[in-house]
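Notes follow once the structure below has been shown.
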Amino acid sequence: MDVTIIGTGFIGSTLGRALASAGHVVTFGSRHPANEVVGWTGVVASIGDAVAASEVIILAMPGTAVAELAREVGSALAGKLVIDATNRMGEPVANSRSELPPTIRYARAFNTLGGENFENPVFPGGTADLFFSAPVADRAAVEEIVAAVGLGPVYVGEDQEGLIEALFKLWIELAMKQGRGRHLAMKLVCD
């Protein structure tokens, strides 16, 4: 699958390396495509060119930058699967859905765990799970991407970003506020 990642920081570069290692074609979109992405030897393009390169776009950028992105390339995002991995820390709504054009296929994933868990998703008790929301028609594509990062995909339904927000808040409480550390993840266990 061709995947574009907008954002070249820790989360974006970690996801990109994992997806490329799993055989996906990854293009990074950057405002400064001449700059290096840590540990990356593949394509880094302008944001416009990167959006044009793929049908799946992962937003791994500051949530506060999404409105500007939508103004610049919103029409090019039409019809594409956009996976929102942003977090608006301290705001009532952590996701960026309201900043994106209504013509996209919106999914919410990769925002409930620290990036350390994307680099190393295996714990003594097994592989960590990643809970996500996506349109029913895009469930399999998002599951494939989550699994390629090495996490167990757990689908919570369409338009369920509120549930994903609750998991983000829980992770922050446990990992950061209680000091349990960033290499903390969740696992769905059922019988």
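When restricted to residues that are farther than 13 Å from L130 by Cα, open to solvent by less than 30 Å² (accessible area, probe 1.4 Å) and in contact (Cβ under 8 Å) with a residue 12 or more places away in the chain, the stretch 162-191 contains 1. Take the conditions (1) crowded, with 20+ Cβ neighbours inside 10 Å; (2) of a type outside the set (S, T, Y); (3) modelled with pLDDT of 95 or more; E72 misses just one of them, which is (1). For the stretch 137-159, the set of residues classified as surrounded by fewer than 21 Cβ atoms within 10 Å (Cβ to Cβ), of a type outside the set (D, E, K, R) and in a loop (DSSP other than H, G, I, E, B) consists of G150, V156, G157, listed by residue number.
Only residues in the stretch 119-136 that are part of a strand (DSSP E or B) and at pLDDT 95 or above count as the first member; pair them with residues that are of a type in the set (K, R) and open to solvent by less than 80 Å² (accessible area, probe 1.4 Å), Cβ under 7 angstrom, at least 6 apart or cross-chain, and list the lot. From the stretch 119-136, the pairs are F132/R108; S133/R108.
The number of residues in the stretch 160-191 being among the β-branched types (V, I, T) and either in a helix (DSSP H, G or I) or in contact with a helix residue (DSSP H, G or I) (Cβ under 7 Å, 6 or more places away or on another chain) (or both) comes to 2.
On the given criteria, is S13 farther than 25 Å from P102 by Cα and of a type in the set (S, T, N, Q)? Spelling it out, S13 is indeed farther than 25 Å from P102 by Cα and of a type in the set (S, T, N, Q).
The values are calculated or read from the model by the stated rules, or taken from the named source; none is laboratory data. Everything numeric in this text was worked out from a predicted model, so none of it was measured. Cβ atoms come from the backbone with ideal geometry, glycine included; neighbour counts cover every protein chain shown. Protein only, heavy atoms only, side chains kept; ligands, DNA and RNA dropped before computing areas. Shrake-Rupley method; radii C 1.70, N 1.55, O 1.52, S 1.80 Å.
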